[in-house]
Amino acid sequence: MSLLEKLNWRYATKKFDPAKKLSAEQLDNLLSAVQLSPSSAGLQAYRVLIVEDQETKEKLREAARGQQQLTQASHIFVFAAETNLDEAYVTKYIDSIAATRGIDRGNLALFEQNIKGSVNRMAEDQKIVWDHKQAYIALGVLLSAAADMGIDACPMEGFEAGKFDEILGLKELGLTTSVIAPVGFRADDDIFSHALKVRRPKEELFIHI
Ligand SMILES: Cc1cc2nc3c(=O)[nH]c(=O)nc-3n(C[C@H](O)[C@H](O)[C@H](O)COP(=O)(O)O)c2cc1C
């Protein structure tokens with residue numbers, strides 16, 4: 001299948017087969033794809049929780065309008081934005097660039113100053129919105145990578161973020177839930193797997209200038 005065929009094959013899975021689990025290799029490949037997601041300035045100001053524990057999945061389902069995907073899917077990816085993006089976070093990131101690429105720390109001073117300037121100009125709530133946006137890009141990468149690997153997923157924002165934060169102890173970790181994706185394999189009788197894609201026509205969606 002070509003990438004376009006795979007993007008047509010994927011769909012927001014409404015019913016997973018609970019008996020089908022991701023192998024350790026499949027899971028690790030998905031983690032690698034998410035790890036490679038681009039982010040603004042490369043800061044990756046989010047973390048991703050991978051929920052496999054059934055009891056936790058059940059609690060999360062209650063906080064997600066009872067949507068069955070949460071308890072049926074093999075794993076739930078919970079994207080969570082950093083709530084304490086500060087100068088120390090940026091310093092650590094710049095250190096990591098210097099170490100990874102063998103660059104003299106001094107040569108990164110201007111870049112560091114620019115990022116810190118951007119971060120400091122934002123109010124706390126603006127920073128969290130910015131972090132949520134980056135998390136959504138990672139979600140997009142997950143969905144495309146899963147499709148490429150023949151793995152099903154359902155992007156979801158139909159849940160109560162405050163309850164998710166509580167169940168997963170995110171406040172203590174300086175995180176808050178952005179968006180989630182149960183991941184696994186579609187049930188044979190999920191009627192949505194054959195539904196045609198409904199999308200805006202290209203002439204309406206795209207504006208060529
Ligand atoms: C950010 C986001 C949130 C979504 N939230 C839910 C959700 O809570 N429950 C659900 O069943 N589908 C959810 N969807 C799935 C969309 O309805 C679906 O992606 C859209 O209708 C397009 O269909 P397709 O993904 O099957 O091609 C969400 C999708 C996105 C991207």
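What does the C-alpha gyration tensor say about the overall shape of region 18-89? Classify as rounded when a/c is under 1.5, otherwise prolate if a/b is larger than b/c, or oblate. Oblate shape, in that a/c is at least 1.5 and b/c is the bigger or equal ratio.
Label sites at E62 and R101, each approximated as a point 7 angstrom past Cα along Cα to Cβ, lie 4.8 nm apart. Here the contact order of region 48-94, divided by its residue count and restricted to Cα pairs under 8 Å and six or more residues apart, works out to 44 percent.
Net charge within 14 Å of K59 by Cβ-Cβ distance, Lys/Arg positive one each and Asp/Glu negative one each, not counting K59 itself? Intermediate results must be reported in sequence, preceding the final value.
Numbers: positive: K57, R61, R65, K163; negative: E52, D53, E55, E58, E62, E160, D165, E166.
Taking every other residue near K59 into account, the sum is -4.
The H194 and L36 beta-carbon pair, evaluated with R₀ = 35 Å, returns a calculated FRET efficiency of approximately 0.65.
Judged by the mean number of other Cβ atoms found within 10 Å, the most tightly packed of the peptides 103-115, 31-43 leads the ranking 31-43, 103-115.
In this structure, the amide hydrogen of F16, modeled 1.01 Å from its nitrogen in the peptide plane, lies closer than 5 angstrom to those of A187, counting only residues at least 5 positions away or on a different chain. How large is log10 I(q)/I(0) at q = 0.13, 0.22, 0.23, 0.25 Å⁻¹ when the Debye formula is applied to the Cα atoms of region 97-181, each weighted equally and without solvent? Reported log10 I(q)/I(0), two decimals: -0.67, -1.06, -1.08, -1.13. Taking the Cα centre of region 84-209 as reference, the dipole from Cβ charges on Lys and Arg (+1) and Asp and Glu (-1) amounts to some 480 debye. Relative protection proxy for 116-125, 75-84, from highest mean packing down: 75-84, 116-125 (other beta-carbon atoms within 10 angstrom). Here the Kirkwood formula, the inverse mean of 1/r across different C-alpha pairs, assigns region 56-209 a hydrodynamic radius of 18.5 Å.
Values quoted throughout were computed directly from the atomic coordinates according to the rules given, and no laboratory measurement underlies them. Quantities reported herein were computed from a predicted structural model and do not represent experimental measurements. Note: ideal-geometry Cβ built from the backbone for every residue, glycine included; neighbour counts use all protein chains shown.
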